[in-house]
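Read through the structure below, which is laid out as structure tokens, and then see the notes.
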Amino acid sequence: MTSVSDSYGVIAAVVALGLVGLIGAFALNKALTVTYPTAGKLTTYESGVDPVGEGWAQVHIRYYLFAYLYVIFAVDAVYLFPWATVFAALGVATLIEMFIFLAFVAVGLLYAYRKGVLRWT
């Protein structure tokens, strides 16, 4: 039977080996990369349009709320689709649990709607 310190020693060795590999990969990349920085390469490039004016633009907070809502519902899909693929094997209890989960998501969507977050104008 192995002791706890032996188990931690193996974990420490794996972490150390991983860090050495990571640092080695970055060092090898740095050593083998050939760069010729020029003024053209160092300019900002966005969608084929030359930069004109300042880089400052104000964005309405509502767009951040749309992004936040998107993240919430994307996470919802991450849980919903794998559950749907194995639903038959899991039984009725998981069906009830999924409806409770969807009820929480629906309450969040209703709250966002009532606060006016989902209006574009």
(message) Would you confirm, using the coordinates I've provided, whether Tyr64 is open to solvent by 100 Å² or more (accessible area, probe 1.4 Å) and outside any helix (DSSP H, G or I)?
(response) no
(message) If a residue must be more than 26 Å from the chain's Cα centre (by Cα) and hydrophobic (A, V, I, L, M, F, W, C), how many such residues does the range 21-35 contain?
(response) 5
(request) Test Gly40 against the criterion of being at pLDDT 80 or above, in a helix (DSSP H, G or I) and either surrounded by 10 or more Cβ atoms within 10 Å (Cβ to Cβ) or not aromatic (Phe, Trp, Tyr) (or both), and give yes or no. (result) no
(message) Going residue by residue through the range 97-113, is there one that turns out to be at pLDDT below 80, surrounded by 10 or more Cβ atoms within 10 Å (Cβ to Cβ) and not small (Gly, Ala, Ser)?
(response) no
(message) Tally up the residues in the range 68-79 that are more than 15 Å from Lys115 (Cβ to Cβ) and open to solvent by 50 Å² or more (accessible area, probe 1.4 Å), please.
(response) 6
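The values are calculated or read from the model by the stated rules, or taken from the named source; none is laboratory data. None of the values given here were measured: they were computed from a predicted structure. So basically every Cβ, Gly included, is an ideal-geometry build from the backbone, and we count neighbours across all protein chains shown. What goes into the accessible areas is simple: the full protein's heavy atoms, side chains included, and nothing from ligands, DNA or RNA. Shrake-Rupley method; radii C 1.70, N 1.55, O 1.52, S 1.80 Å.
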